[in-house]
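Here is the structure we will look at.
Quick note: the coordinates plus some simple rules give every number you see, no bench work behind them. Keep in mind that what you see is a predicted model, and the values were worked out from it rather than measured. Positions of Cβ are generated from backbone atoms using ideal geometry, with glycine treated the same way; all protein chains shown enter the neighbour counts.
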Amino acid sequence: MKVENNLFTIEKAVDKPSAETIKSSFEGERILLASTSPRRKKVLELLGLDFDVYKPRIDETPPAGVLPSDYAEAMAVKKVKNALENDVNNRVIIGADTVVILGERILGKPADEAEAAKMLRSLRGKEHIVITAVAMNIKKAGKVIFSHESTRVLFKRFTDEHLYEYIDSGEPLDKAGSYGIQGMGSVLVEKINGELDNVIGFPLNCLAKMLLSQGYGR
């Protein structure tokens, strides 16, 4: 699948004032990213931050009846707390979790190509919501703070041929909602209403506000 003039790249997503707040907040500090997401790693790399990666070991099964925003925040917090239990260096730890919501359904990562196809068909020609929650530990206060951001995404009425071509690329299989807007999945997207970095999985405005609320970046 060929992508030309992608409007939804990670590089474009991090080109915003809140990125400077985050960079100044963590200057001279090595943080721990409680996520193995290549997109989140790329964001931190583009910000020029020093960081290590930790793979959280948590149960991500959503309980019945939970609000999507509450679920995303709970997962982000669980990732940070799990990393805290295993980090001996007393570092700032950042965790994040992204969910895709269509109607009242939470669309997680597909189990296989068949489920990815089913998800993408359900999203075709419709608007859905992407929520990403961010959590971080505040060392001096001994607590974990968290917040979230929402973005509306409208999908094109793409053909089954484009759908299966995308699935064959392998890109959908490790992503909530079965697509990655920053990659080949950009060809499925008509437009977004909100922040691109939130759809990618790392809302910088959200994290910057959290940092400022704790006296960072000033």
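Data table
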| item | result |
| --- | --- |
| Computed over the chain: relative contact order in percent, which uses C-alpha pairs under 8 Å that are six or more apart | 25 percent |
| Projected label distance in nm at residue 45 and residue 105, using a 7 Å step from Cα toward the beta-carbon | 3.4 nm |
| Amide H contacts under 5 Å for residue 147, placed H, 5+ residues apart | 134 |
| Inverse of mean 1/r across different Cα pairs in the chain, Kirkwood, Å | 17.7 Å |
| Selection of GluC sites (Glu not before Pro), the stretch 79-181, meeting DSSP coil and at most 13 other Cβ within 10 Å | 104 |
| Degrees, to the nearest 10: 204-213 long Cα axis against longest axis of the chain | 20 degrees |
| Distance between the stretch 31-70 and the stretch 149-218 - C-alpha centres, whole angstrom | 14 Å |
| Proximal aspartates and glutamates relative to residue 140, as straight alpha-carbon distance under 15 Å, when same-chain residues fewer than 8 apart are discounted | 29 |
| Top of 199, 100, 92 by mean-square fluctuation, Gaussian network on the chain, Cα under 10 Å | 92 |
| Global form of the stretch 7-121, assessed from the alpha-carbon gyration tensor, a/c cut-off 1.5 | oblate |
| Over the chain: helical MRE at 222 nm, DSSP H runs n ≥ 4 each giving -39500 (n - 2.57), nearest 500 | -10000 deg cm²/dmol |
| Residue 67-residue 173 pseudo-label distance in nm [points 7 Å out on the Cα-to-Cβ vector] | 3.6 nm |
| In sequence order, calculated HN-Hα J values of the stretch 137-146 (Karplus, 6.51, -1.76, 1.60; Hz; x Gly/Pro) | 8, 9, 4, 5, 9, x, 9, 10, 10, 7 |
